[in-house]
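For reference, the structure is listed below as structure tokens.
Read-outs throughout are calculated quantities, based only on the coordinates presented, and are distinct from any laboratory measurement. Please read these numbers as outputs of a predicted model, since none were measured by experiment. Virtual Cβ from ideal backbone geometry, glycine too; neighbours counted across all protein chains shown.
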Amino acid sequence: MAKIPSWPIIEQGNSGKNVYALQCLLNYRNNNSALSIDGGFGPATYSAVFAYQQSNNLFVDGRAGEGTLTKLTANLVIQNRTTNNAARAAQHLISKFESLSIDGDFGGGSASTTQTFQQKMGISSNGIVDASTWQYLFGYNTYPSPVLSTLSISSMTVPDPLTQGNGVTVSGSVTSNYTITLVKAEIKNSSGVVMYTVTKSPGTTSYNLSNLDNNLLFSQLPQGQYTYTITAQDSNSTVETHTQTFQVAAQNSSYTDYQGLQIFTPSQLTLLTANKSFYQNAGQMYGIPWQMIAAIHYRENSLKKSGPSNGTGPYQISGNIYPIGAYTDAQFQGATNDAAAFIKSKAGSKELSDPDNVKNTFFAYNGKATVYVTQAINLGLTQMQADNGEGSPYVMNRFDAMRDPTVSPTNSNNTWGQIKTNGAPLSYPANSDYGAFVIYSTLL
């Protein structure tokens, strides 16, 4: 829609179509008195404006501005078959933009030409000259340059690959400076068959894509290649498309523990995939395996890209203050870099290609509690193994049956415990989360 114009100020010395229209409206409001319709704002027109302002309690200056023109056109509707000086005024104004006969008879041709004007201005196009149309007719002398559409789509990224059975929360928005007339989302398989589709007609300048969530069932897609497309159109006939190709894959069967059980849930696999590049960036920066960062993130914050309420961040680094709640990419990368630096400081000069050094580093990250050294010795492990964290659930939980609190007899014989509250003694059995070394080994 063209910007709503200001009313002009028509004054003595002016000439042209606006003056013709003003003279016609003055005659119409004064019972068609014989003010000469010559398109020139001379003394006679000045006197007529002055008198009209006086009689209608308007500001009296002999110039026709917003107050006078609004009063002259108030409740004045010109439509098909209107025949009077007001219709002639409308024809004079329309002739600034389109060709038509000026005869005071607002017939089908005038109505059609008015509709064309309204369409080009982007206002209600009914062929009737109403209050809004009067303002546009007086306010513009030529058609304004077209206003470019700002239609855009901001959509979430579907994890690629997407683990079969995982859902995807549809999010994002469509925005435009014009009215959004269409939003269509669909998922097609590699053969072009539409698996899911939904079409909406928002009628607004902003639309939240989360409204489509219940119609796009990513979790029901079988294994294969897919294309996810969002198409939007606005009243300016501008069309934008967002397209992403992604793969639905089976759960990685290699991510299993000593019993052959899946270590990661589908949602954890999704988080792992989304976070992997952040781990890799930090690992490369500090020269440590990215899998170690991921393992600690799993232990400390269940792979979530957010900060817990205690303010120590997604990697639980005491002494540092981190934001609470969801993280931006930049915030998460910064916290991940800090974790990598902290891991590096705990490793010291140890060669992290050695599994025992990796265990020792995980143990150091968690604090090397002496009760875990004792727990390892009591299980029959060597002093060296105990010193490297073999008795710590943080490091070795569910590595084997004797350190698996989910199986018998470990779940009941009080041999594999965990400090579950700061300063407390061992509590039996340990929690069921996998140890950092188990996660690390799985990801290699």
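Observations on the structure shown:
- When only the Cβ of Lys, Arg, Asp and Glu is charged (+1, +1, -1, -1), the dipole of the chain relative to its Cα centre reaches about 400 debye.
- Cα centroid of the stretch 1-64 to Cα centroid of the stretch 133-177, whole Å: 42
- Burial ordering of Phe138, Phe59, fewest other beta-carbon atoms within 10 Å first: Phe59, Phe138
- Close amide H contacts of Asn397 (hydrogens built in the peptide plane, cut-off under 5 Å, sequence separation of 5 or more or a different chain): Gly435, Ala436.
- Those lysines that a straight Cα-Cα span of less than 19 Å connects to Lys304, excepting residues fewer than 8 apart in one chain: Lys276
- Packing rank of 20-27, 343-350, where each peptide gets the mean count of other beta carbons within 10 Å, highest leading: 20-27, 343-350
- Amide proton proximity set for Ile263, modelled H, under 5 Å, gap of 5+: Thr256, Asp257
- Derived from the Cα gyration tensor, the three semi-axes of the equivalent ellipsoid of the chain are 79, 24, 16 Å, largest first.
- Eligible lysines near Lys17 by straight Cα distance, threshold 30 Å, same-chain separation 8 or greater: Lys3, Lys71, Lys96, Lys120
- Euclidean distance between Cα centres, the stretch 221-300 to the stretch 354-372, Å: 29
- Residue-averaged 222 nm ellipticity for the chain, from DSSP H runs of 4+ at -39500 (n - 2.57), nearest 500: -10500 deg cm²/dmol
- Packing, as the average of other Cβ atoms within 10 Å across residues, places the peptides 265-271, 377-383 in the order 265-271, 377-383, highest first.
- Residues whose amide H comes within less than 5 Å of that of Ile419, counting only those at least five positions distant or on another chain, are Ser427 (H built at 1.01 Å from N in the peptide plane).
- Over the chain, Cα pairs under 8 Å with separation of 6+ residues give a relative contact order of 9 percent.
- Using θ = phi - 60° and Karplus 6.51 cos²θ - 1.76 cosθ + 1.60, couplings along the stretch 413-423 (whole Hz; Gly, Pro as x): 9, 6, 10, 9, x, 8, 7, 9, 9, 3, x
- Exposure proxy for Trp7, Trp290: other Cβ atoms within 10 Å of each Cβ, ordered fewest to most, give Trp7, Trp290.
- Tensor-based shape of the stretch 262-340 (alpha-carbon gyration tensor, a/c under 1.5 rounded, otherwise prolate or oblate): oblate
- Two-decimal log10 I(q)/I(0) for the stretch 382-435, as the Debye equation yields it once each C-alpha is a single scatterer, q = 0.24, 0.28, 0.29 Å⁻¹: -0.90, -1.12, -1.16
- When each of the peptides 398-409, 33-44, 298-309 is scored by how many other beta carbons lie within 10 Å of its residues on average, the order from highest to lowest is 298-309, 398-409, 33-44.
- Sparsely packed trypsin sites (Lys or Arg not before Pro) within the stretch 1-54, loop by DSSP, other Cβ within 10 Å at most 15: Lys3
- Computed from phi, the 3J(HN,Hα) profile of the stretch 214-222 under the Karplus parametrisation 6.51, -1.76, 1.60 (θ = phi - 60°) reads 6, 9, 10, 8, 4, 5, 9, 6, x Hz, with x in place of Gly and Pro.
- Within a Gaussian network of the chain (alpha carbon springs, distance under 10 Å), most fluctuating of Leu182, Leu69, Leu58: Leu58
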